[in-house]
Amino acid sequence: MSYKVRQSNFELLRIIAMFMVMMLHVNFLALGKPSVEDASSAPLATFTRILFEVMSVGSVDLFVLISGWFEIKANRKSLFTFIFQVVFVFYSVSAIFLLVTKDNSFGVGKIVEIITCRSWFVQAYLGLYLLSPALNLLVEKSKRLHKMVLIGWLAFEFVYDFASPDPRLFDGGYSTLHFVALYLLARYIKLYGVSDILRKYAGSLFVLVSLFVTGCIFILIKTGHGLCHLNSYTSPFVMFLAIMLLIKTDSIHIQSKAINRIGAASFAVYLVHTHPLVLGTFFLTWAKDIYNYLSGGVYLVIITCYMVAWYILAIVVDYIRQTAWHFVYNKSKKLYAKRKLDRLG
């Protein structure tokens, strides 16, 4: 999930996207989706909650779009780095949890989930990573072929997921198939660009479309129709919002070592706060407690500080992981070189 030359504008987008992921979790996941009663009794608060959800839901799509923007260069080092990060963070958090809580009364399912480092995003992204060499060959073949496959793939996803959801295929975006669509889309935009209108008004379009979708969802909830997939990862509106943020970021030019270092550790934030022993037990529970005790501007300030605290914790864990990885990688590199010399001698 990394690339050789880190551009601070896109690293900043990674950081913002990870805050958006946490915002999703402290909102609808922790508090539940707004009900008909919420829309009637507290319309402004409900509209605000929906707006935050709509503006944040494209965060997962963003991470994959960034990978497509820079192209995944599949090799053993990057693959092992990614796997090491997942395993290190999962097992470290598990060990800390056991030491702090002294709770080891887990069911078989939970134990398997922890041992295998089960995470839907990790599984879906690994699938994309393994497919990336073939996807890159497709992209390099010709613009026409790239365009045909992309349009066909998006149309297929629209029909069999957004319009008529089938969990066996794209599963609302929780799948490698959706990541493939995003990857090809980002590669196409990077290589061939977008219209000047989209590039010029990307920020304004993000706000306007967010308000439009929020209004639609609010009406649907108030009339008892639910969300109707408007805020799913495969929703054309959600994908459009993510693309607008990507295009807007490309027009910003900054360079900062601090942003680059924080951005490089951003994925650990996801791994830490969604850990199966952390998400329900701590992260969501504490977020719900904050919502129950506070309101208005005070709530927004405190919940932001809450997310920042989790971000800092995850960065500390990941910096330890980086140190451990450099040690393991350098040792293995030296060992490999020594064995190679022994064979030659």
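Residue-wise test of (1) open to solvent by less than 30 Å² (accessible area, probe 1.4 Å); (2) under 19 Å from the mean Cα position of the chain (by Cα); (3) over 29 Å from Gly203 (Cα atoms).
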| position | (1), (2), (3) |
| --- | --- |
| Leu230 | yes, yes, no |
| Ile259 | no, yes, no |
| Ala287 | yes, no, yes |
| Tyr291 | no, no, yes |
| Val298 | no, no, no |
| Ala314 | yes, yes, yes |
Residues located in the stretch 147-201, provided they are under 20 Å from the mean Cα position of the chain (by Cα) and either at positive phi or of a type in the set (S, T, N, Q) (or both): Asp171, Gly172, Gly173, Ser175, Thr176
Filter result for the condition that a residue is closer than 22 Å to Asn27 by Cβ and out of contact with any strand residue (DSSP E or B) (no Cβ under 9 Å at 6 or more places or on another chain), over Gly203, Gly172, Gly193: Gly172
For Tyr192: the one exception among (1) in contact (Cβ under 8 Å) with a residue 40 or more places away in the chain; (2) over 18 Å from Val57 (Cβ atoms); (3) open to solvent by less than 80 Å² (accessible area, probe 1.4 Å): (3)
Exclusive hit being on the phi > 0 side of the Ramachandran plot and at pLDDT below 90, set Gly296, Gly345: Gly296
Residue within the stretch 196-203 that is surrounded by fewer than 23 Cβ atoms within 10 Å (Cβ to Cβ), farther than 18 Å from Gly68 by Cα and of a type in the set (Phe, Trp, Tyr) present: yes
Filter result for the condition that a residue is under 20 Å from the mean Cα position of the chain (by Cα), among the small types (Gly, Ala, Ser), outside any loop (DSSP other than H, G, I, E, B) and at pLDDT 90 or above, over Ser210, Ser204: Ser210
Residue match in the stretch 105-112 (condition: closer than 17 Å to Thr274 by Cβ, modelled with pLDDT of 90 or more and either touching a Gly at 6+ places or on another chain (Cβ under 7 Å) or open to solvent by 20 Å² or more (accessible area, probe 1.4 Å) (or both)): no
Lone unmet requirement of (1) free of Cβ contacts under 8 Å to residues at least 40 places away in the same chain; (2) assigned to a helix (DSSP H, G or I) for Trp69: (1)
The lone exception for Pro34 - which of (1) part of a helix (DSSP H, G or I); (2) open to solvent by less than 30 Å² (accessible area, probe 1.4 Å) it fails: (1)
Output for the stretch 114-172, where each listed residue is closer than 16 Å to Tyr192 by Cβ and either surrounded by fewer than 14 Cβ atoms within 10 Å (Cβ to Cβ) or touching a Leu at 6+ places or on another chain (Cβ under 6 Å) (or both): Glu140, Lys141, Ser142, Lys143, Arg144, Leu145, Lys147, Met148, Leu150, Ile151
Within the stretch 41-77, considering residues that are aromatic (Phe, Trp, Tyr) and under 17 Å from the mean Cα position of the chain (by Cα), the one nearest to Val26 (Cα to Cα): Phe52
Close pairs from the stretch 116-128: first closer than 18 Å to Leu279 by Cβ, partner assigned to a helix (DSSP H, G or I) and not hydroxyl-bearing (Ser, Thr, Tyr), Cβ under 6 Å, at least 6 apart: Cys117/Val86; Cys117/Val87; Cys117/Phe90; Val122/Val86; Ala124/Phe179
Qualifying position, being open to solvent by less than 70 Å² (accessible area, probe 1.4 Å) and of a type in the set (Lys, Arg), among Arg76, Arg49: Arg49
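The values are calculated or read from the model by the stated rules, or taken from the named source; none is laboratory data. Remember, predicted model here, so these are calculated numbers, not experimental data. Here Cβ is always computed from backbone atoms with ideal geometry, including for glycine, and neighbour counts include all displayed protein chains. Accessible surface areas use protein heavy atoms only, side chains included; no ligands, DNA or RNA. Shrake-Rupley method; radii C 1.70, N 1.55, O 1.52, S 1.80 Å.
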